[in-house]
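Taking it in order: structure first as structure tokens, then the write-up.
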Number of protein chains: 2
Amino acid sequence: MDASSAPQFETLPLTDLQEIGTAVLINAGVKRAAAEIQIGALLAAELKGHASHGLLRLPRLVRRIRNGVANPNSTGKHQWIGQSLLHVDGGHGLGPVVAQHAIDALSDRLETTGIALAAISKSNHIGMLAYYAERMAQNGQIAIVLSTSEALVHPYGGRFAMLGTNPIAIGVPAGERPFVLDMATSKVSMGKIHHYSDTGQELDAGWALDGKGEPTTDATAAKAGAIAPFGGPKGYALGLAFEVLVGALTQCALGTEVVGTLDSDKLCNKGDLIFAIKPRSGAASHAIEGYLDAVRSTPAIQPGDTVAVPGDRSAAREAAIRENGITLPAQLAAELRALSAGRDV
Amino acid sequence: MDASSAPQFETLPLTDLQEIGTAVLINAGVKRAAAEIQIGALLAAELKGHASHGLLRLPRLVRRIRNGVANPNSTGKHQWIGQSLLHVDGGHGLGPVVAQHAIDALSDRLETTGIALAAISKSNHIGMLAYYAERMAQNGQIAIVLSTSEALVHPYGGRFAMLGTNPIAIGVPAGERPFVLDMATSKVSMGKIHHYSDTGQELDAGWALDGKGEPTTDATAAKAGAIAPFGGPKGYALGLAFEVLVGALTQCALGTEVVGTLDSDKLCNKGDLIFAIKPRSGAASHAIEGYLDAVRSTPAIQPGDTVAVPGDRSAAREAAIRENGITLPAQLAAELRALSAGRDV
């Protein structure tokens, strides 16, 4: 079969990818328990349709381990600052592994403290924040998760990237299915800009600046530039507040000093925060469920439209993907198979 | 002097207004210490140029005390849920008084816990959130403050108001002057809509819907309608997350059930959250100061423009207002003088 007729995408069952992904990491020197946590986080992103936080990050993670900037088996060094504040030195471990160990430590404290916060530094990319917020909320905890990233976002009115995409996730028990918000404070993701560039699409006006700080709709020019903050001056202010908050609690690098979440060879120096809080009562959880249903029932401005609540659309996507399998670029699938079989790529 | 020649505005020194305002509350049955806290919060808003959270709320507060829906001397009943989570039943006390007593209790815990959270219910309007966040940050604490309000904001794509304006404040020590963010999750404030209506100005497209849920630029029609969330679907999602978060922790009313921050005769049933957290170190504080200066130095897109950091513009306003005095509508100044002299208005 020649290259032009090669399939561009391949759809695989979740269980196959769990097995392949875990084998990739075990071959890279990661112990099985840690490998399963890392792959769980990447697959959770695939299940919600967020490929940018999914398996495409796995080959890079293997390279990071080989290059000595990701420690395959660190779970993080814990130091309690008082009863409820946990400083975690990630020891350059895998992001989800360090995060999960921190969450376990917070959960142990919650009964006696009511709230506990982990401030994590020197850890690798923790992936899609909803992964943690959703599972904590399913376990009856309120979760707030923040993370910083390389500077990709320009200040409101400014020409160059000075802020990370600085996402936040909030998970709250709400009857049958938890409420889960997960959003970056950038207008769009850099992944989306790359996708538009790869597929020759033009960006919307106002999404990005080029490398000289001029507004552009050329996706390729924007790759060397900066993304706009969402929501104008307020979204900028919020993203900046998150960067400052994470910095004050983790002493991580800030702004243009941040490296290590998009490359293969630099020690990652961003920070993560995970708040775990005990909700008031089951009654409050049911009241929230009722309120969210009332919000969903708001008549829509556009006839035929419906009002959604955060998580509704990704829950629908997840059900379909669990049923039909996860679709990956064929080249990525081949690369993962090779790595899982112990072949170098 | 006839009505047409009456002055519309009057400018008074801060100290005069402190005295007048405190006397107004003492005449309404508030003890001096509590009156000073409440007036401090209202004047802090005036100093930052946010009249909507300033003295114009004082006559209404007096009516609320007279009507028995604000308790002049409750400081809130405290119940610790574990070492770090404080449930506060405000007992329908004055918002800033209940909040300040909660903050004092959190501060006492912080040395031994590292983080503490107050979840406040049954308290009156707490005013401008920056008031708390700024003072906590000046005292070396990291502060996150959230509050809910009457439903004034429509869901993204929905016709009617289902969310409060749900503001957030974040205060972080940052060298010389703390970083302070304070923003509502609505596109504009209802106060601004009223001001546009009063002065016959047209709203920008996309700010508001009328009472039937149709987009409008008529400010008077918008007063009976709903304000847009800031930042499209993301801003909506965030405002909703804040409402859900406050609800889960305070068991307050949600959405259209919320009353008592804009009227004179209903028991206030919104909720407030105040997080106090111990920062990592003085070094982190100085690193943040340096980062914020770097952000301010970003070249601007518009020639002659500068990039601002949250709090910069209100700090400049505050310096000018401290120097020149606080300007109030003359009718409000007269009303406050009458109330301070013990006359009914």
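The values are calculated or read from the model by the stated rules, or taken from the named source; none is laboratory data. Note that the structure is a prediction, hence the values are computed from the model and not measured. Ideal geometry is used to build each Cβ from the backbone, glycine not excepted, and the neighbour counts take in all protein chains shown.
Tabulated values for the structure
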quantity: Residue under evaluation A:T306, criteria (1) surrounded by 14 or more Cβ atoms within 10 Å (Cβ to Cβ); (2) touching a strand residue (DSSP E or B) at 6+ places or on another chain (Cβ under 9 Å); (3) not assigned by TED's automatic domain parsing to the domain that holds A:I26, criterion not met; calculated: (1)
quantity: Selected residue (criterion: nearest to the other protein chains (Cβ to nearest Cβ)) from residues of the stretch A:143-155 that are in contact with a Lys or Arg (Cβ under 9 Å, 6 or more places away or on another chain), part of a loop (DSSP other than H, G, I, E, B) and not charged (D, E, K, R); calculated: A:P155
quantity: Failed item in (1) free of Cβ contacts under 8 Å to residues at least 12 places away in the same chain; (2) under 28 Å from A:L58 (Cα atoms); (3) acidic (D, E), with A:E134 passing the rest; calculated: (1)
quantity: Failed item, numbered, when A:H92 is tested on (1) out of contact with any strand residue (DSSP E or B) (no Cβ under 6 Å at 6 or more places or on another chain); (2) at positive phi; (3) touching a residue at least 40 places away in the same chain (Cβ under 8 Å); calculated: (1)
quantity: Hits in the stretch B:137-181 - residues which are of a type in the set (S, T, N, Q) and either more than 27 Å from B:K122 (Cβ to Cβ) or free of Cβ contacts under 8 Å to residues at least 40 places away in the same chain (or both); calculated: B:Q138, B:N139
quantity: Residue within the stretch B:82-105 that is within 21 Å of B:L332 (Cα to Cα), in the same structural domain as B:C268 (by TED's automatic domain parsing) and of a type in the set (S, T, N, Q) present; calculated: no
quantity: Matching residues, the stretch B:93-144, being of a type in the set (D, E) and within 27 Å of B:S314 (Cα to Cα); calculated: B:D104, B:E134
quantity: Near pairs, Cβ below 8 angstrom, 6+ apart or cross-chain, from the stretch B:30-50 (without any contact (Cβ under 8 Å) to a residue 12 or more places away in the chain) to any residue that is in a helix (DSSP H, G or I); calculated: B:R32/B:T22; B:R32/B:I26
quantity: Hits in the stretch B:316-345 (condition: closer than 30 Å to B:P178 by Cα and loosely packed, with under 15 Cβ neighbours inside 10 Å); calculated: B:A316, B:R317, B:A319, B:A320, B:R322, B:E323, B:N324
quantity: Condition met for A:A300 (among the aliphatic types (A, V, I, L, M) and under 20 Å from B:M162 (Cα atoms)); calculated: yes
quantity: Which numbered condition B:F160 misses (of (1) surrounded by fewer than 24 Cβ atoms within 10 Å (Cβ to Cβ); (2) part of a strand (DSSP E or B)); calculated: (2)
quantity: Residues that are within 20 Å of A:V69 (Cβ to Cβ), modelled with pLDDT of 95 or more and not aliphatic (A, V, I, L, M), drawn from the stretch A:244-261; calculated: A:T250, A:Q251, A:C252, A:T256, A:E257, A:G260
quantity: Every residue from the stretch B:291-327 that is in a helix (DSSP H, G or I) and within 8 Å of another protein chain (Cβ to nearest Cβ); calculated: B:Y291, B:L292, B:A294, B:V295
quantity: Pick from the stretch B:64-85, criterion in contact with a Lys or Arg (Cβ under 8 Å, 6 or more places away or on another chain) and within 11 Å of chain A (Cβ to nearest Cβ), ranking: surrounded by the fewest Cβ atoms within 10 Å (Cβ to Cβ); calculated: B:I81
quantity: Boolean, B:R280 is within 14 Å of chain A (Cβ to nearest Cβ), in a loop (DSSP other than H, G, I, E, B) and among the basic types (K, R); calculated: yes
quantity: Qualifying position, being assigned to a helix (DSSP H, G or I) and hydrophobic (A, V, I, L, M, F, W, C), among B:M136, B:M128; calculated: B:M136
quantity: Failed item, numbered, when A:G90 is tested on (1) away from chain B (no Cβ under 12 Å); (2) more than 18 Å from the chain's Cα centre (by Cα); (3) within 18 Å of A:N124 (Cα to Cα); (4) not acidic (D, E); calculated: (2)
quantity: Candidates A:V98, A:V145, A:V88, A:V153 - the one that is in contact with a Pro (Cβ under 6 Å, 6 or more places away or on another chain) and either crowded, with 24+ Cβ neighbours inside 10 Å or closer than 21 Å to B:V244 by Cα (or both); calculated: A:V153
quantity: So A:L117, is it within 14 Å of chain B (Cβ to nearest Cβ), closer than 15 Å to A:A169 by Cβ, of a type outside the set (D, E) and in contact with a Phe, Trp or Tyr (Cβ under 8 Å, 6 or more places away or on another chain); calculated: yes
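Residue-by-condition table, conditions (1) within 20 Å of B:E257 (Cα to Cα); (2) at pLDDT 95 or above; (3) at the interface with chain A (Cβ under 9 Å from one of its Cβ atoms):
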| residue | (1), (2), (3) |
| --- | --- |
| B:G164 | yes, yes, no |
| B:A208 | no, yes, no |
| B:T220 | no, yes, no |
| B:F230 | no, yes, yes |
| B:Y236 | yes, yes, yes |
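Yes/no matrix, rows are residues, columns are (1) among the small types (G, A, S); (2) closer than 18 Å to A:G95 by Cβ; (3) outside any loop (DSSP other than H, G, I, E, B):
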residue: A:K234; (1), (2), (3): no, no, yes
residue: A:L238; (1), (2), (3): no, no, yes
residue: A:A241; (1), (2), (3): yes, no, yes
residue: A:V246; (1), (2), (3): no, yes, yes
residue: A:C252; (1), (2), (3): no, yes, no
residue: A:T256; (1), (2), (3): no, no, yes
residue: A:V259; (1), (2), (3): no, yes, no
residue: A:S264; (1), (2), (3): yes, yes, no
residue: A:N269; (1), (2), (3): no, yes, no
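Quick grid of which residues meet (1) in the same structural domain as B:I103 (by TED's automatic domain parsing); (2) in contact with a Pro (Cβ under 6 Å, 6 or more places away or on another chain); (3) not hydrophobic (A, V, I, L, M, F, W, C):
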{"site": "B:L25", "(1), (2), (3)": "yes, no, no"}
{"site": "B:Q38", "(1), (2), (3)": "yes, yes, yes"}
{"site": "B:A45", "(1), (2), (3)": "yes, no, no"}
{"site": "B:R66", "(1), (2), (3)": "yes, no, yes"}
